[in-house]
Amino acid sequence: MQKKFLPLKIKVFELIFCMTSEKITNRFQTAQVLIREAGILAHEWFRNRSALIVEKKGEHDWVSEADHAVEKFIKKKLGLMFPKDGFFGEESGFLDQKNSGIWVVDPIDGTTCFLKGLYSWCVSIAFVVNNKIEIGLIYAPCSDELFAVQRGNGATLNGKPIKSSNAKSLSEGIVAIGYSPKQSIVATKKAFEFLLNEGAVFHEIGSAALMIAYVAAGRYIGFYEFHLNSWDCLAGIALVKETGGWANDFLSNNGLHKGNSVLVSAPGTKKAMLRLFSYAGHKI
Ligand code: IPD
Ligand code: CA
Ligand code: CA
């Protein structure tokens with residue numbers, strides 16, 4: 001049906017609630033400014049981290065005043081600019097709104113690194129519409145690196161285009177593996193075993209979001225973690241897909257709310273990473 005023949009009611013509904021590409025571009029531009037502001041705020045807390053109040057959420061799972069404050073800042077700003085958008089943050093949970101779009105936010109990914117004075121942590125913001133990741137932003141304040149993608153428009157690092165690695169085998173680069181005590185020990189051990197047998201090298205830098213962004217930027221050639229939540233990985237997955245890389249279907253089976261396993265790769269390492277996935281016990 002051509003748009004000009006749509007009944008008036010539907011047209012009005014479209015204008016108010018539908019997420020047109022102009023609306024997504026507007027959000028992309030706004031969120032790039034916002035994530036840098038949030039990163040600066042987080043970095044102020046980082047410099048004064050010895051004074052932070054820290055709570056334990058679980059084994060090796062911490063949350064600090066900084067996580068809460070940064071999420072509150074992002075949520076408030078997005079709420080003022082886009083009051084009808086949904087919001088899903090690690091610290092404050094799910095807020096459903098009228099629009100089809102939802103912001104998925106990890107205020108600090110890599111909290112353990114942040115609290116220990118290590119540099120590998122970041123702010124991660126994704127925007128999802130009808131189960132598609134339209135926007136992915138990851139900002140690492142310690143290196144002043146902003147990874148940004150609006151689906152279909154290319155991915156950038158500080159404004160310059162990025163591309164995933166052209167490695168063809170796992171021995172041609174570094175594979176990242178995420179681990180925290182909530183993961184399956186059996187699956188993670190298998191993943192490490194697989195990489196060692198393949199003659200591959202692995203890293204675990206404590207921030208899943210950053211490790212996935214590094215696959216998008218060609219620094220790593222693959223990433224695996226047994227289970228992540230959507231706020232940890234959606235922005236990274238959008239980046240990887242845009243740079244020619246491959247990612248499993250994280251949003252299937254209600255991944256947005258329940259999380260999922262994550263496997264991403266450069267185009268030439270997809271087959272090998274799928275063998276790793278299968279070796280770790282996943283169905284492919
Ligand atoms: C964690 C980091 C870590 C991953 C964990 C996540 P947090 O997020 O992404 O790399 O291994 O599974 O929970 O707690 O630092 O936001
Ligand atoms: Ca996280
Ligand atoms: Ca976090």
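The values are calculated or read from the model by the stated rules, or taken from the named source; none is laboratory data. Computed from a predicted structure; not experimentally measured. Here the Cβ is made from the backbone with ideal geometry for all residues, glycine too, and neighbour counts use every protein chain on show. With ligands, DNA and RNA removed, areas are computed over all heavy atoms of the protein, side chains included. Shrake-Rupley method; radii C 1.70, N 1.55, O 1.52, S 1.80 Å.
Miscellaneous remarks
- A residue that is touching a Leu at 6+ places or on another chain (Cβ under 7 Å), closer than 26 Å to Glu204 by Cβ and not aromatic (Phe, Trp, Tyr) occurs nowhere in region 72-81.
- Among the residues of this structure, Ile138 does not count as one that is under 19 Å from the mean Cα position of the chain (by Cα), over 18 Å from Ala235 (Cβ atoms) and not small (Gly, Ala, Ser).
- Residue satisfying all of: in region 46-62; open to solvent by 100 Å² or more (accessible area, probe 1.4 Å) and in contact (Cβ under 8 Å) with a residue 60 or more places away in the chain; farthest from ligand 3 (Cβ to nearest atom) among these: Glu59
- Residue match in region 178-185 (condition: open to solvent by less than 10 Å² (accessible area, probe 1.4 Å), among the aromatic types (Phe, Trp, Tyr) and within 11 Å of ligand 1 (Cβ to nearest atom)): no
- Taken over region 105-128, the criterion of being open to solvent by less than 10 Å² (accessible area, probe 1.4 Å) and either closer than 19 Å to Ala247 by Cα or away from ligand 1 (no atom under 13 Å from the Cβ) (or both) is satisfied by Ser124, Ile125, Ala126, Phe127, Val128.
- Scanning region 28-43 for residues that are more than 17 Å from the chain's Cα centre (by Cα), over 15 Å from Ala140 (Cβ atoms) and surrounded by 14 or more Cβ atoms within 10 Å (Cβ to Cβ) turns up just one, Thr30.
- Taken over region 143-184, the criterion of being more than 17 Å from the chain's Cα centre (by Cα) and within 16 Å of ligand 2 (Cβ to nearest atom) is satisfied by Pro181, Lys182, Gln183.
- Residue ID - farthest from ligand 3 (Cβ to nearest atom), chosen from residues in region 202-236 that are out of contact with any Leu (no Cβ under 8 Å at 6 or more places or on another chain) and in a strand (DSSP E or B): His203
- Matching strands (runs of 3 or more DSSP E) fully within region 88-197 where at least 1 residues are of a type in the set (Val, Ile, Thr) and away from ligand 3 (no atom under 16 Å from the Cβ): 101-109, 122-129, 132-140, 145-150, 155-157, 174-177
- Condition check for Leu239: open to solvent by less than 10 Å² (accessible area, probe 1.4 Å) and either over 20 Å from Phe127 (Cβ atoms) or not in a helix (DSSP H, G or I) (or both): no
- Subset of region 190-207 that is open to solvent by 10 Å² or more (accessible area, probe 1.4 Å) and within 15 Å of ligand 1 (Cβ to nearest atom) - its residue that is nearest to Phe94 (Cα to Cα): Gly206
- For region 67-81, the criterion of a residue being assigned to a loop (DSSP other than H, G, I, E, B) and either more than 16 Å from ligand 2 (Cβ to nearest atom) or open to solvent by less than 10 Å² (accessible area, probe 1.4 Å) (or both) is satisfied by no position.
- Scanning region 100-138 for residues that are within 14 Å of ligand 2 (Cβ to nearest atom) and in contact with a helix residue (DSSP H, G or I) (Cβ under 8 Å, 6 or more places away or on another chain) yields a total of 18.
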